[in-house]
Amino acid sequence: MPTFNDDELVELSLLRAKEVDELVEHGLLDASRRFDDGLLDILILSYPELTISMHTGPTYPAEQLQVEIENVSLPRLVVDELRNAAREIVARDSGTNNYEAWSRRSQNDDYGLFEFEMTAFKVALSASEHLEGYRDSIKRTQEQNKHVEDLTAGAKFKNDLVPGEGMDLSSITIDRKASDVLGKLPDEICSLVPPFFRILHVESVLRDNLYSKFLACQQEIRDQLTSLPRNELKACIARDQSTRRDTIEELVEHVATPKLTFHGTSNSFVPSIVQNGFLAPGAVHPQTGEALPVRCGSTYGRGIYSSPSAEFSLSYSGSEAQPTSPDGFWGLKLIVCATLMGRPAQMSRQDCWWTRSEPYPGAHSHVGNNMLEYVVFNSAQILPCYVIHLDWGVENRDFFANIPEDKSRFVAQAKTHPKLLNVPMAPGDIQRAKEALVAKAAKYFPYGYGPATGTSFVVEEVGEVDEDEEDYGEYQRNRIDETHEESDFWKWNDELAEPGMDEYTRSRRGK
C-alpha cells in the first residue's frame, strides 16, 4: 500500500482545491462551498433526480476516484447510461491518476508539478449534461402533450383527437350471411383499409329483407348469363382467373359471384342506407316521399357508385364525387358492400352516359376510372353488410389535403404484402410467434367432451347454429325492424292480436 508524507498530502489537497475551483467556475458547485474543508475528502452533488458521491480521500488524485450514484427518480436506462459514462471516465483517467505517475512527477519538465486529470470535474460535468438532456426530453414531451391538449380543447371539430391503437380485429363479430356473400371474414376486410385509418368498430348491418332481394337478383343474373355463349362468358373473366376446362356453370357462377366494394359517405346518410338499402338517383325515398338527387357524381351513369378501394371511397365522398375536404372527413363512415356486377361494361367519359339511368345494353353494371369505380343501376345489386367506424384525428388532414381533384389521377398508396416484409427475427421471437399462433388456434378446439390429444379429438355433441342478432352498435335500430320481437315466441303474451295485424301495422298507426 503506497504511503504519503505530510508534504505530499498537502500538495494533493492543493490539487483537489484547484479542482473545486474548476467546479465552481463552471457552475457545477455553489460558490459558497468553495472553502468547505469537507470537499477535500468527499464531494457530494445533490440533484432532485439523483445524488452523486465522489470519494476523493486524502490521496486523490494520486489514486483513483471512487464514484457512487444514488438514483432518486431517473429511469433505469438513463441512470445506467450515466453510470457507464462515469466508469469510462474513471478508467480512462486511471492511466494518469495513479501512484506510479505521482512518484515520477519530479521528472516532469514543469518544475516537478503533477499533471493530473480532473476526474471529479469530468464526472460532474458529464452528470450535468445527462440531466440537462433528460430534463429537455421531459420538457419537450410536456410541451407536445400541452400542444395536443390545446388542439383538442380548442378544436373546431369534436372528433379532433390524438390517434392511437385501434380495435383488436380478431374480436370482431362475424355475420355468417355477410361472410358468405363477401367471401371474406371481417378481419380480412379490415386488412383492405389503409393502415393510417384507425378502426374503432365494425358493425354488422345486414338486413334480412335486403339479403333476400340480393339473392333473388343474383339468381336472375345467373339465369341471364346461362343463355350467353361460352366465349362471351369468358370475356367477362380475367385471363388469369379462368381456364379452358371451365364449364358453363362454373363460368356463370364466377361472373355472378358478388364483389367486395366500399362506399364512403357521411354518417347522416348511413341510417337510411342501413334501413332501406342503396337507392339510385331519381328513386323515391320510402320515408320522405321525395325523389333522390344525384350523389357521388354520374360520370358513368346515374347509378349507385362504390369502389373496390377503401382509400378511394373515403377520398371522394363529396356530393358531386369531388375530393373530401381536409375539414369534412370527421363524419365519414365506410360501408362494406357486396355488389353483383354480373356482366360489366367498361366505360369512359367519352361515352357520355352521365344522363342515363340504365346500364349499357347487354351489361349488368359499369366499370370505370381504371377499375376504381363500380356502378350498378338496380338497388338490389348492392347489399350493405358492415359499417366500419373510423377514428379521425388531426393527422388525417394532411392525407385529405393531398387528394387530386381529378379522380382519374388518383393513385392508391402502395402496401407491401406482409410476406414480403423483410423483418429480421431472433430465434426466440420466432418461437414465441409460433406459440402465439398455436394459442390462438387452441381457442377453436373443442374441450370438455371426449378425449383430445395432440391435434386429434372426438366430437361427441354439436350445438345448434347461433342465430342471435348483434344488439350493439349505432345502426342496429335501423337494421332490425320493430316487428323483430314479435317473431320471438317467448315474448308473446296471451292477449289476442288485433285484426289484420302484419309487419306494417305499426307504420299504419297514427303517431
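For a protection proxy built on the mean count of beta-carbon atoms within 10 angstrom, sort 130-141, 428-439, 359-370 highest first, please.
Values: 130-141: 12.4, 428-439: 10.1, 359-370: 18.8.
The most tightly packed comes first, giving 359-370, 130-141, 428-439.
Note down the nm distance, to one decimal, between modelled labels 7 Å out along Cα→Cβ at N71 and at E115.
Label at N71, label at E115, 3.9 nm between them.
Check S365: other-chain or 5+ apart residues with amide H under 5 Å from its amide H, H built from backbone geometry?
R343, A345
In the stretch 199-238, which residues have a backbone nitrogen under 16 Å from the label point lying 7 Å from T247's Cα in the Cα-to-Cβ direction?
The answer is 226-227, 230, whose backbone nitrogens lie closer than 16 Å to the label point.
Quick one: which residues, 5 or more positions from V205 or on another chain, have an amide H under 5 Å from its amide H? H modelled 1.01 Å from N in the peptide plane, none for Pro or chain starts.
Y386, V387
So if the hydrodynamic radius of the stretch 6-136 is defined as the Kirkwood radius over C-alpha pairs, what does Stokes-Einstein give as its diffusion coefficient at 10 °C and 1.306 mPa s, in µm² per second? Present the calculation step by step, with values, prior to reporting the outcome.
Values: Rh = 15.4 Å.
So the translational diffusion coefficient is about 103 µm²/s.
Using the structure shown, select from K122/K146; K234/K333; K139/K333; K177/K333; K259/K434 the pairs with a Cα to Cα distance greater than 27 angstrom. Write down the numbers at each step before the final one.
Working: K122/K146 36 Å; K234/K333 36 Å; K139/K333 38 Å; K177/K333 21 Å; K259/K434 34 Å.
Distance filter (> 27 Å) returns K122/K146; K234/K333; K139/K333; K259/K434.
At a Förster radius of 60 Å, what calculated FRET efficiency corresponds to the Cβ-Cβ distance of T51 and S266, to the nearest 0.05?
Result of the calculation: an efficiency of 0.50.
Based on the Cβ-Cβ distance of D6 and R83, what FRET efficiency does E = 1/(1 + (r/R0)^6) give at R0 = 51 Å, to the nearest 0.05?
The value I calculate is 0.90.
Using 0.36 nm per residue of separation minus the Cα-Cα distance, give me the extension gain between F196 and E100 in nm, one decimal.
Gain on extension, F196 to E100, equals 28.1 nm.
Evaluate the relative contact order of the stretch 6-136 (contact order divided by residue number), counting alpha-carbon pairs under 8 angstrom at least 6 apart; express in whole percent.
23 percent
What FRET efficiency comes out for A238 versus T173 if R0 is 35 angstrom and r is the Cβ-Cβ distance? Round to the nearest 0.05.
According to the calculation, E is roughly 0.60.
Laboratory data are not the source of any read-out in this text; all were calculated from the coordinates shown. Since the structure is predicted, the reported quantities are computational estimates derived from the model, not experimental observations. Here the Cβ is made from the backbone with ideal geometry for all residues, glycine too, and neighbour counts use every protein chain on show.
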